[in-house]
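Participant: Here it is, the structure, as structure tokens.
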Amino acid sequence: MLQKITNFRPPLHQIMKINSFEDYQRVYERSVNEPEAFWSEIAETFQWRKKWDKVLDWNFTEPRIRWFDGAKLNITENCLDRHLEKLGNKPAIIWEPNDPTEDHRVLTYKQLHDKVCQFANVLKNNGAKKGDRICIYMPMVPELAIAVMACARIGAIHSVVFGGFSAQSIADRIQDAECNIVITADGTYRGAKLVELKNVIDDALVQCPSVQKVIVLTRSRTPVAMIKGRDLWWEDEIRKVETQGNPDCPAEEMDAEDMLFILYTSGSTGKPKGVVHTCGGYMVYAGYTFDTTFQYQPGEVYFCTADIGWITGHSYIVYGPLAQGATSVMFEGVPTYPDAGRFWQIVEKFKINIFYTAPTAIRSLMSFGTDFVNKYDLSSLTKLGSVGEPINEEAWHWFHDNVGKGKCDIADTWWQTENGGHMITPIIGVTPMKPGYASFPLPGIQPVLVDEKGDEVQGNGVSGNLCIKFPWPGMLRTTYGDHERCRQTYFATYPNMYFTGDGCLRDEEGYYRITGRVDDVLNVSGHRIGTAEVENAINMHSTVVESAVVGYPHDIKGQGVYAFVVNPGRKDDEDVTRRDIIATVSRLIGPIAKPDKIQFVSGLPKTRSGKIMRRILRKIAEGDTSNLGDTSTLLDPAVVEEIKAGAL
Ligand code: ATP
Ligand code: MG
């Protein structure tokens, strides 16, 4: 509990032990009444070269947000150096390759520290310096985490681009940030598929004159073109550093508000934005939320299945867990290769205690039945987490019953790239759970629901647009190179509030439930219905794997409900299934939410991070397929063609 930490530095791994829901309520209240005292106590648990002059300086109009102003630090000293004495020989990263017959790797804190320093020196040898932007386009191998932290070590700003993006998407991102170095690999395997990363980079760089150097890690031994003067092998560069005989790399001293990284959002709602996070506030928030949500205990083995190309990987594979001295498992492959038991095999192999994944993965694994889960010993698991989308109740129960065997809490963590870390989530072992509810805000977070006019909706049993009315250390500071876009997108809709873009309801007991993006709220005959609610109901139908619901113009109702449903069941009886789905929705939500149109599809258009691109489905439902907007972040464009062809 927070009271305990006022007068001493707590041991690592324990920023805040919350023992009961009453504890939570007390700490929460204090965080609202005395936010600066609250956050400075949390910040005290980190290592600073110099402490701050001012905890917080803010206005949401410009917006201008500064946390821990005047403080000096380097995040890698917090993630690596400060652990060396006590945890030097403890595994920091355990890495599992795509191919289960290949050996896994373990990097202790000492080894990771040394490799980060070594690669930081490689970057310096190649002219990198504080403030440079460096693009990282790599497979999920330890060298990705090493590259990320090597940038942070020397004060360069990393921009990680998920290793599945196309050349055009990478070029857009490199140009936007004017990166001068790219770090990549020859290739990687994702499931049975070879991804030729360096070839993609070569295509991208045709349009990127700012790039001077490309450092290429050997991973797949795919033949690649190496351009003289520009392209360098990772391994050769490490050897140079070794012969220079100076393995250490002192960390660059950073201001708390210096940029740490840029991360482009996945683009499910439009052109990707370069979200900017800064050194001090982001570090505090990533460490604090990891520690608090999961109530991490020393020795626990933690596995987050995200890719480091997404914010979840930044905050909850690299920075959060390492700041807290945890053991973080990193996986190169996919959940269904060589079969749908891969996650569970990894859980058994490393005796994972905390398992954090996404609803899209759970739903896909559900469709393979329970045999794969039951084949492995999952008794080590004690804590589960979900992130990225609303988790529908059926998936929640499947996860809880079959993976957690009914004995593990699930943290349904709601948050965004722009937030840096968890915002609304159950605290494991503390918050009584409600399936489908992200439940309560973490201490320090002040959510509000507002109506169309921007007035705060008070009390319980209400819904509205989700905003946050007070800053937190992990919030975005700007969108790279375009502060006006940041203001417009997040701070202009409602005065003095950060607008999340998500719709939300607060039930009679004060539990928060995310109902989907605000532009995904349907208005059917004057009733506001969240698409997530309808999807949840459709997914309850026994043969449905997943679904996406959008609105379309309807003469009578204003908006009609159009459902795209993945239903691998019997093809001969589609009308019967349609009827049953309608009955299911009617029963669970009410006749008002009944789909007007149900189109069966073999898959849904998703971003590479697994999110449904409703924007595209909305166009198709409206019958306007001429301009589908930016589709560069789409995982499988073929799905869109199929859906267009079958539109009702
Ligand atoms: P873009 O902003 O480019 O459209 P994105 O919003 O999909 O991309 P992220 O920042 O990764 O990119 O995702 C944040 C969004 O994901 C949230 O705004 C919310 O809609 C959804 N989300 C994340 N976690 C949850 C959760 N636990 N429950 C419900 N929704 C969630
Ligand atoms: Mg978003």
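The values are calculated or read from the model by the stated rules, or taken from the named source; none is laboratory data. Because the structure is predicted, anything quoted here is derived from the model rather than measured. All Cβ positions, even for glycine, are placed from backbone atoms using ideal geometry, and neighbour counts span all protein chains on display. All accessible areas refer to the heavy atoms of the entire protein, side chains included, with ligands and DNA or RNA removed. Shrake-Rupley method; radii C 1.70, N 1.55, O 1.52, S 1.80 Å.
Participant: Provide the packing ranking of 295-302, 141-148, 204-211, i.e. peptides ordered by the mean count of other C-beta atoms within 10 Å per residue, highest first.
Facilitator: Numbers: 295-302: 18.4, 141-148: 24.9, 204-211: 16.9.
My ranking of the peptides, most packed first, is 141-148, 295-302, 204-211.
Participant: Related question: Looking at the chain, which Cys residues are left with no other cysteine's beta carbon under 4.7 Å from theirs?
Facilitator: Isolated Cys, the chain: C79, C151, C208, C279, C304, C408, C467, C486, C504.
Participant: One-quarter of the Cα convex hull surface for segment 360-499, in nm²?
Facilitator: Values: hull surface 42.2 nm².
Averaged projected area of segment 360-499's Cα convex hull equals 10.5 nm².
Participant: Tell me which of Q559, Q47, G530 sits at the most positive position along the dipole axis of the chain, charges placed on C-beta atoms (Lys, Arg +1; Asp, Glu -1).
Facilitator: Checked the options; the winner is Q47.
Participant: Find out how many positive minus negative residues lie around N539, taking Lys and Arg as positive, Asp and Glu as negative, among other residues whose Cβ is under 10 Å from that of N539. Walk me through the intermediate numbers first.
Facilitator: Numbers: positive: R363; negative: E393, E394, E535, E546.
Cβ neighbours under 10 Å give a net charge of -3.
Participant: Now for a separate question. If you count only protein heavy atoms with a 1.4 Å probe, what accessible area per residue comes out for segment 431-487, rounded to a whole Å²?
Facilitator: Values: 1990 Å² over 57 residues.
Averaged over the residues of segment 431-487, the accessible area is 35 Å².
Participant: Determine the sum of side-chain charges near V32: Lys and Arg each +1, Asp and Glu each -1, restricted to other residues whose C-beta is under 14 angstrom from that of V32.
Facilitator: On the way: positive: R26, R30, K469; negative: E29, E34, E36.
Every neighbour counted, the sum reads 0.
Participant: Note down the net charge around H104, summing +1 for each Lys or Arg and -1 for each Asp or Glu among other residues with Cβ under 12 Å from its Cβ. Could the numbers behind the result be given before it?
Facilitator: On the way: positive: R105, K349; negative: E96, D99, E102, D103, E332.
Combined, the nearby Lys, Arg, Asp and Glu give -3.
Participant: Still on this structure: Can you tell me how much longer the chain between Q175 and R487 gets when fully stretched, taken as 0.36 nm per residue apart minus their C-alpha distance, in nm with one decimal? List each step's numbers first, then the result.
Facilitator: Details: separation 312, 0.36 × 312 = 112.32 nm, distance 2.18 nm.
The Q175-R487 span can extend by a further 110.1 nm.
Participant: Which whole number in µm²/s is D for segment 1-152 by Stokes-Einstein, with the Kirkwood Rh taken over Cα pairs at 4 °C and 1.567 mPa s? Could you put the intermediate results ahead of the total?
Facilitator: On the way: Rh = 18.6 Å.
Rounded, D is 70 µm²/s.
Participant: For Q212 and T243 in the same chain, what is the full-extension length gain: residue separation times 0.36 nm, less their Cα-Cα distance, in nm? Before the final figure, lay out the partial values.
Facilitator: On the way: separation 31, 0.36 × 31 = 11.16 nm, distance 2.38 nm.
Full extension of this stretch gives 8.8 nm more.
Participant: Let me ask something else about it. Using the Karplus equation 6.51 cos²θ - 1.76 cosθ + 1.60 (θ = phi - 60°), what ³J(HN,Hα) coupling, rounded to whole Hz, does each residue of segment 455-466 give in order, writing x for Gly and Pro?
Facilitator: 8, 5, 8, 8, x, 10, x, 9, 9, x, 8, 7
Participant: Can I ask one more? Exactly which GluC sites (Glu not before Pro) in segment 386-461 are in a DSSP loop and have at most 10 other Cβ atoms within 10 Å?
Facilitator: Working: sites: E393, E394, E418, E452, E456; in loops: E452.
Of the GluC sites (Glu not before Pro), the ones in loops of segment 386-461 whose Cβ has at most 10 other Cβ atoms within 10 Å are E452.
Participant: Just flag the GluC sites (Glu not before Pro) in segment 52-139 sitting in loop per DSSP whose Cβ has no more than 12 other Cβ atoms within 10 Å. It would help to have the intermediate numbers written out before the result.
Facilitator: Working: sites: E77, E85, E102; in loops: E102.
Within segment 52-139, the qualifying GluC sites (Glu not before Pro) (loop, at most 12 other Cβ atoms within 10 Å) are E102.
Participant: Of K351/K405; K383/K405; K606/K644; K273/K383, which pairs sit farther than 22 Å apart, going by alpha carbon to alpha carbon?
Facilitator: With Cα atoms farther than 22 Å apart: K273/K383.
Participant: Further question on the same structure: To the nearest 20 Debye, how big is the dipole of segment 521-645 about its Cα centre, given +1 on the beta carbon of each Lys and Arg and -1 on that of each Asp and Glu?
Facilitator: Numbers: 17 positive and 16 negative charges, 66 e Å.
About 320 debye.
Participant: Taking the alpha-carbon distance from K594 and a cut-off under 19 Å, which lysines remain once sequence neighbours fewer than 8 residues away in the same chain are dropped?
Facilitator: Partners within reach: K557.
Participant: May I pose another question? Past the 22 angstrom mark, what percentage of all C-alpha to C-alpha distances in segment 521-645 do you count? Don't skip to the answer; put the middle values down first.
Facilitator: Working: 2547 of 7750 pairs.
I get 33 percent for the Cα pairs in segment 521-645 exceeding 22 Å.
Participant: Can you work out the accessible area per residue across segment 521-645, with the rest of the protein chains kept in place, probe 1.4 Å, in square angstrom?
Facilitator: Numbers: 5480 Å² over 125 residues.
That works out to 44 Å² for each residue.
Participant: Another one. Hey, what D do you get for segment 508-555 in µm²/s if you plug the Kirkwood alpha-carbon radius into Stokes-Einstein at 4 °C and 1.567 mPa s? Please report the intermediate quantities before stating the final value.
Facilitator: Numbers: Rh = 12.1 Å.
Answer, rounded: 107 µm²/s.
Participant: Calculate the tail of P(r) for segment 604-648: the fraction of all Cα-Cα distances greater than 18 Å, expressed in %. Each step should come with its number before you reach the end.
Facilitator: Working: 154 of 990 pairs.
Distances greater than 18 Å cover 16 percent of the Cα pairs.
Participant: Residue by residue, what Karplus-based ³J(HN,Hα) values in Hz, rounded to whole numbers, does segment 586-603 have, using 6.51, -1.76 and 1.60 with θ = phi - 60° and x for Gly and Pro?
Facilitator: Per-residue couplings from phi come out as 4, 6, 7, 10, x, x, 4, 8, 4, x, 7, 9, 10, 10, 7, 9, 8, x Hz.
Participant: Moving on. If amide hydrogens are placed 1.01 Å from N in the peptide plane, which non-local residues have theirs closer than 5 Å to the one on H554?
Facilitator: Placed amide hydrogens put Q559, G560 under 5 Å from H554.
Participant: Post the alpha-carbon centroid distance, segment 206-234 to segment 305-355, in whole angstrom.
Facilitator: Segment 206-234 and segment 305-355 have Cα centres spaced 28 Å from each other.
Participant: Sequence neighbours fewer than 8 away in the same chain don't count; with that in mind, list the lysines whose C-alpha is under 24 Å from K50.
Facilitator: Once the sequence-local lysines are set aside, what remains near K50 is K4, K72, K86, K129, K130.
Participant: Run a plain Debye calculation on the chain (Cα atoms as equal point scatterers, no solvent) and give log10 I(q)/I(0) at q = 0.12 Å⁻¹, rounded to two decimals, same order as the q list.
Facilitator: Log-scaled intensity ratios, in q order: -1.37.
Participant: Ok, one more. Under the Kirkwood approximation applied to all pairs of distinct alpha-carbon atoms, what is the hydrodynamic radius of segment 157-213 in Å?
Facilitator: It works out to 11.6 Å.
Participant: While we're looking at this one, here's another question. Kindly write out, for segment 249-260 in residue order, the coupling ³J(HN,Hα) from the Karplus curve 6.51 cos²θ - 1.76 cosθ + 1.60 (θ = phi - 60°), rounded to whole Hz, with x marking Gly and Pro.
Facilitator: For segment 249-260, the Karplus-derived couplings read 9, x, 6, 5, 7, 10, 6, 3, 8, 5, 5, 9 Hz, x marking Gly and Pro.
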